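Here the structure comes first, spelled out in structure tokens, and everything after it is commentary.
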Amino acid sequence: MTTKSKAKARRRLVLDVINHAALAIVAVAFLFPFFWMVSNAVRSNAEVMAIPVRILPKVFEWGNFVAAWTRLPFGRFFLNSAIIAVCVTAITVVVSCLSGYAFARLKFKGRETLLLGYIGTLMVPPLMLIIPLFLIINRLGMVNTFPGVILPISFGTFGAFLMRQFFLSIPMELEEAARIDGASRLRILIGIIVPLSMPAIGLLSLFTFMGQWNNFLWPLIVMTGADNATLPVGLTMFQTQQGTQWNYLMAGATLSMLPGIFLAIILQKLIYNSIALNAGMGGR
Amino acid sequence: MLDKHRSAITQSKTRPRRWFRAGEGRTAFFFLLPGLIGILLFLVLPIFASIALSFTDWQLLGTPHFVGFANYTRLFTADPQFWTVLRNTVFFTVEYLILNIVVSLGLATWISSLKFGQRWFRGIFFLPTFTPLIAVAIVWMLIFTSGGLFDSLMERLSLPFSGVLNSQTLAMQAVILTSIWAGVGYNTVLFNAALDMVPASYLEAARIDGATAWDRFWKIRLPLISPTLFFGTVMTAITSLQVFDQIFVMTKGGPGSATATLGYAIYQRGFQNFQMGYASAIAWVMFALIMALTALQFWFQRKWVHYDN
């Protein structure tokens, strides 16, 4: 190797290191609000508002998490959020598998038209339906009940479309043998198709669950009783009570973020692959 | 010959299949039924109800009266707040959309230039996407609250930006900054994934031909990912026209109406004043705006989006 090319290689290495370090600094700055949230969750409320601002608390009050969980009561909100998100996800997956299978494998009159209609409904912005949906729930006497929150948001058409696309990629031969043996369509779906479709079902479950865990406006409107509030709604309830309890609020915010952060880290690959799929569909 | 053979096979296959198919329509009906009931009750019915409502003066209690286009004429001619709300929504959408696309594309390109740790950086910028927007907004409200971290930072730097959430002009900027932090991760991962799909051979060929990194970005990578860029822009525009959560937490539409958007107005009219008819009319204006912006983008894409084949 000549000295010239050696010098060039070394210069490239230095530039590489600088490039990584610079983005690392940006990333750390990006994470700062998370740090600030936790740092304010574990100090006294007086210290949150104290001037000058301290980056780290004088005394770490880890008990704030327990207090927020029991006293405010974020434990209850956590449970409400979990019930709603799990139920919506379960209904969405079951309904989407059934409809997706019908679109992918069953011949019936008007199939393509109906599918087009399903896709068309994706263009309707959810915010538009809030008022009539509330009036329907009100008429059904389901305001401030779990079915009232869960049912209206469990029938999105995206899932049916996603599952159809996935089912189409499963070779027909796999179910043909079962059909000759006289197995019913439902049996084939549950016994053969669903076990093969776990990647798509996982994806649908993950994004439905997170969407509902983070949902705010719909539970805010339907769950009028304080006991039935979800985590995001519960967080806003303590925003204006005589002098905001910032430290508890930050503790509650931290707790509300934990499931999402946990899932985002352990399911990194699934998330990337699913978004890459979008990139591919938009791309080619 | 082979074709003949093949068709003979498929023919022999279709015969037993037709026997199975006898009840397919019925089976399909039962498979689709749960979804169809849900969609009819919670999607189709509400859409028509919303149209009908927007022509009434229903206030939740009492009986609704048909009022024709009165709600719409009142919106555009008599309501002093409506034009502000419309302007705020468009302002938010345009600034947020541009910033989101520029920042996420920048981060995606930067990440794709790394030799190590791509997935860690991607993961970090994606984190806020999976956290409740309400919680994010509350954290940023603490940062921006008067006498808070942001104010003391501005004081340290002797910059005249304090109490931003109480400022007519700066409150919206605080909301936009929060939204960017919360929302830039998805597009970053999306664009990064698209950049990963650009064949390395194209870039190598350009490098050999002497194209600079700058040229390779603008002339090769950007055109190749332009369909994904378009997809991201359209989706981001649709969600940002419906902005609500951040505003509910951080400013409640204030100070005055400085940050009131269409989404917030729908909530306020519908669920605080119980003007269900009037709020429905606002919802349809929002829908029209979403459709118009999407159509505009589809029309404009011919100028900059390159599709293969």
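The values are calculated or read from the model by the stated rules, or taken from the named source; none is laboratory data. Fair warning: this is a prediction, and the values are worked out from it, not measured in the lab. Cβ atoms come from the backbone with ideal geometry, glycine included; neighbour counts cover every protein chain shown. What goes into the accessible areas is simple: the full protein's heavy atoms, side chains included, and nothing from ligands, DNA or RNA. Shrake-Rupley method; radii C 1.70, N 1.55, O 1.52, S 1.80 Å.
Quick notes
- Scanning chain B for DSSP H helices at least 27 Å long along the axis (C-alpha atoms) with a Kyte-Doolittle mean no lower than -1.0 picks out B:82-112, B:170-196, B:276-304.
- Between A and B, buried accessible area from a 1.4 angstrom probe totals roughly 8500 Å², ignoring ligands, DNA and RNA.
- Cα gyration tensor, the protein assembly as shown - rounded (a/c under 1.5), prolate or oblate: oblate
- Buried on complex formation within segment A:3-43 (loss of at least 30 square angstrom of accessible surface versus the isolated chain, 1.4 Å probe, ligands and nucleic acids ignored): A:D16, A:N19, A:H20, A:L23, A:V26, A:A27, A:F30, A:L31, A:P33, A:F34, A:W36.
- 10 Å Cβ neighbours from other chains, averaged over peptide A:91-100: 4
- Qualifying chymotrypsin sites (Phe, Trp or Tyr not before Pro) in segment A:58-156, where qualification requires a DSSP coil assignment and no more than 14 other C-beta atoms within 10 Å, comprise A:F60, A:W62.
- Unsatisfied cross-links (Cα-Cα over 25 Å) in the set B:K219/B:K303; A:K4/B:K115; A:K8/B:K115; A:K107/A:K269: A:K107/A:K269
- Sparse-neighbour loop sites [trypsin sites (Lys or Arg not before Pro); segment B:194-301; at most 11 other C-beta within 10 Å; DSSP]: none
- Most fluctuating residue given options B:D79, B:D215, B:D245, as computed from a GNM of chain B linking Cα atoms under 10 Å: B:D215
- Within a Gaussian network of chain B (alpha carbon springs, distance under 10 Å), most fluctuating of B:A265, B:A52, B:A237: B:A52
- Normalised contact order of segment A:84-245, rounded percent, pairs of Cα under 8 Å and 6 or more residues apart: 36 percent
- Each Lys and Arg adds +1 at its Cβ and each Asp and Glu adds -1 at its Cβ; summed about the Cα centre, segment A:167-272 shows a dipole of about 120 debye.
- By the combined test of axial Cα extent (at least 15 Å) and Kyte-Doolittle hydropathy (mean at least -1.0), the qualifying DSSP H helices of chain A come to A:3-41, A:74-105, A:111-121, A:126-139, A:158-168, A:198-213, A:246-266, A:268-283.
- By accessible area, using a 1.4 Å probe on protein heavy atoms only, chain B has 68% of its surface on carbon and sulfur.
- Excluding exposed DSSP-loop chymotrypsin sites (Phe, Trp or Tyr not before Pro) (at most 12 other C-beta within 10 Å), longest clean stretch of chain B: B:117-306
- Checking every one of the trypsin sites (Lys or Arg not before Pro) in segment A:21-66 against DSSP loop status and a limit of 10 other Cβ atoms within 10 Å picks out A:K58.
- Prolate/oblate/rounded call for segment A:13-141, Cα gyration tensor, a/c under 1.5 rounded: oblate
- Whole-percent carbon and sulfur share, accessible surface of chain A, 1.4 Å: 70 percent
- Structure remark: mean-square fluctuation, Gaussian network model of chain B, C-alpha springs under 10 Å; the largest value among B:G263, B:G117, B:G232 belongs to B:G117.
- Positions from segment B:229-247 whose accessible area shrinks by 10 Å² or more when the full protein complex is built, not the chain alone, probe 1.4 Å: B:F231, B:Q242, B:F244, B:D245
- Averaged over its residues, the protein assembly as shown has an accessible area of 48 Å² per residue, based on protein heavy atoms and a 1.4 Å probe.
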